[in-house]
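Chemist: A single structure is presented below for examination.
The values are calculated or read from the model by the stated rules, or taken from the named source; none is laboratory data. Keep in mind it's a predicted model, so treat the numbers as computed, not measured. Cβ placement follows ideal geometry from the backbone for every residue including glycine, while neighbour counts extend to all protein chains displayed.
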Amino acid sequence: MTYGATQELLRKYDRPGPRYTSYPTAPVWKSGFTPEEYQQAIDRSNRVLAKPLSLYFHIPFCEMLCYFCGCSTIISRDKGKAADYIDVLGAEIALLGKRFPKSRKVVQLHFGGGTPSSLTPAQNRVLFSHINRWFDVDYQEGEISIEIDPRHASDDYLETVRELGVNRISMGVQDFDPVVQKAVNRIQPVELTEKVYRKVRELGFHSINIDLIYGLPFQTVKGFEKTLDEIIRMSPDRLAIFNYAHVPWLKKHMVLIRETDLPRPEVKFELMELIGEKLTKAGYVYIGMDHFAKPEDELTRAQANRTLYRNFQGYTTKAQADLVGIGVTSISMVGDVYAQNEKNLPDYQTKVLTGQIPTHRGYRLSKDDQIRRSVITRIMCDLEVNRVHVLDPFGEEFDHYFAPELQELEGFAQDGLLEMKKDRIVLTPLGRIFMRNIAMVFDVYLRTAPKGPLFSRTL
Ligand code: SF4
C-alpha cells in the first residue's frame, strides 16, 4: 500500500486532531453532568430500546510505568490494592445491575487498563461471580475479551480466565527493538511474548489481537520491519498499530521521552507505508485508524457489511449495544448520553461505597451532535459516506445540511485524499492516512475550541 504523499501534503495535514472514539470528543463534555442525568439515560434506553449491553471494566493497576502510556493507570505492586478495588467494582456492578433489567443480554465484556492481567486468578473468580450475579452474559456467542501484558500473564492466569469464559485476548507488544524498549521503559523480549502467545493459542481462545506502536523514540524503518516480521510469523487475527501521541501537557510522565529522540514526520510516514505494505502483503485487511485484521475476522466482515462501529475501545462489531463503563475513569455510552466515572480512585471508591453512581462528567447529544456523530463514524468505519442515505434516520438531506462542509471537502479532493462521487464521498488510500483530518471537517466544536494543544497530531 503506497500512499504517494508529498512533503508539502504531510506538512499541511499533520496537525492536532481527535481520534474520534466519541463525538463530541471528551473536552466538550460537561463536569456538571449529574448521576441523575445518567440514570435518566438508562431509564430511557430500558424503556425504548431494550438493546443488548456491552460492559467495560477498567483495571487501572500496572507494576511499572511505560513512558508512552496514554491510559489511566495506578502504578503499584501491592495485590491488596487490587483486592480492595474488586470489592468496589462488585458494589458498582450491583448498583448498575439493579438499574438494567436482566432481559438486556450482555453480548460483550471487555477488561482494559492498566493491566487486567495483574489480577490474580482468585481475584478474577471473584470479579466474574459479581458480574454473573447481576448480568446475563452470553458466553456462547458474546465477545469476552481481556487486554494482557505478556510480562504479567502466567499460565495459571490464562487458564483461569479461559475457564471463566474469556474467548479473546489482546496483547500489548509495541516494538521488539531493545533500544526502543529501553527508551520507553518496557523490556519485553520476543521469546517471552511468543511463549505467552503460544499458550493463548493452545488454550483455544477464539481470537488474538496484538498492539504495536509506531512513532516511539529511536524507532527506525529497519528496526520496525524486524518487529513486523516477528509478528507476522506469529500470525495474530488482528493488529492495532497505534500512532504514538506525544502529549506531555496532558500526560506529565511523557516528558521522560525526549522530543528530539522521536522519529521525524517523514520517518513516521515511511513507517506507516511500511506497515501498510507488509501487512497487506501478509494477507491482512486494512480496517481504518491503524487497525488490520485477517479477511475471515469479524471486524473485516463487519466492515464489508457496513456494520462496523467505533467506541472508546476502538472498533467494535457490537454497534447495537449500549456501552456501560464500570470502574474508575470508565466511560459509558447509553442512548444519547456519554457518562464518565470519577477519575480519582478515592473519590470513585467513596461514591460507590455510599451507594451513589460515580458519574463525574458527561454529555447528552443534541440532534446535530447525533447527525455529525453518524457521519464521522461512517468515515472512520466505512472509509466512505453515503450522501443519499446517511441522514435518513434524522429526516435531513446530506448535501443541504452539510453544504459548507462539502465546499471544504473540495480542497481535500484536490489534494487526492478523497473522491466526491454523486452518491458517496470515498476516501482514497492517501485519505485513509488523514481520515482524522477529513472527520474534523464535520466537527463543529473545533471551530469554537479554545486555542491550545488538546489533541495529538494527526500524523
Ligand atoms: S502496561 Fe499498559 S497501561 Fe500499564 S503503563 Fe504500560 S502501557 Fe500503560
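Chemist: Is one or more of the residues making up region 234-247 of a type outside the set (Lys, Arg), surrounded by fewer than 19 Cβ atoms within 10 Å (Cβ to Cβ) and part of a helix (DSSP H, G or I)?
Modeler: Yes.
Chemist: Working only within region 56-73, note down all residues that are crowded, with 17+ Cβ neighbours inside 10 Å and either of a type in the set (A, V, I, L, M, F, W, C) or not assigned by TED's automatic domain parsing to the domain that holds Glu342 (or both).
Modeler: Scanning region 56-73 gives Phe57, Ile59, Phe61, Cys62, Cys66, Phe68, Cys69.
Chemist: So for region 377-396 (the condition being closer than 23 Å to Lys30 by Cα and buried (at least 18 other Cβ atoms within 10 Å of the Cβ)), does at least one residue qualify?
Modeler: The answer is yes, given that some residue of region 377-396 is closer than 23 Å to Lys30 by Cα and buried (at least 18 other Cβ atoms within 10 Å of the Cβ).
Chemist: Can you tell me which residue is surrounded by the fewest Cβ atoms within 10 Å (Cβ to Cβ) among those in region 1-55 that are small (Gly, Ala, Ser) and in contact with a helix residue (DSSP H, G or I) (Cβ under 7 Å, 6 or more places away or on another chain)?
Modeler: Gly4
Chemist: Find all pairs meeting these conditions: Cβ atoms under 6 angstrom apart; at least six residues apart or on different chains; first residue within region 180-209 and polar (S, T, N, Q); second residue within 14 Å of the ligand (Cβ to nearest atom).
Modeler: Hits for this filter: Gln181/Ile187; Asn185/Cys66; Asn185/Tyr67; Gln188/Arg151; Thr193/Pro150; Thr193/Val173; Asn209/Ser170.
Chemist: Pick out the one residue from Arg77, Arg47, Arg99, Arg104 that is free of Cβ contacts under 8 Å to residues at least 40 places away in the same chain, assigned by TED's automatic domain parsing to the domain that holds Tyr338 and away from the ligand (no atom under 16 Å from the Cβ).
Modeler: The unique qualifying residue is Arg47.
Chemist: Of the residues that sit in region 155-209 and are away from the ligand (no atom under 16 Å from the Cβ) and assigned to a loop (DSSP other than H, G, I, E, B), which one is nearest to Arg233 (Cα to Cα)?
Modeler: Per the stated criteria, the residue is Asp177.
Chemist: Also: For region 210-233, how many residues meet the condition of being touching a residue at least 60 places away in the same chain (Cβ under 8 Å) and either part of a helix (DSSP H, G or I) or outside the structural domain of Leu65 (by TED's automatic domain parsing) (or both)?
Modeler: 0
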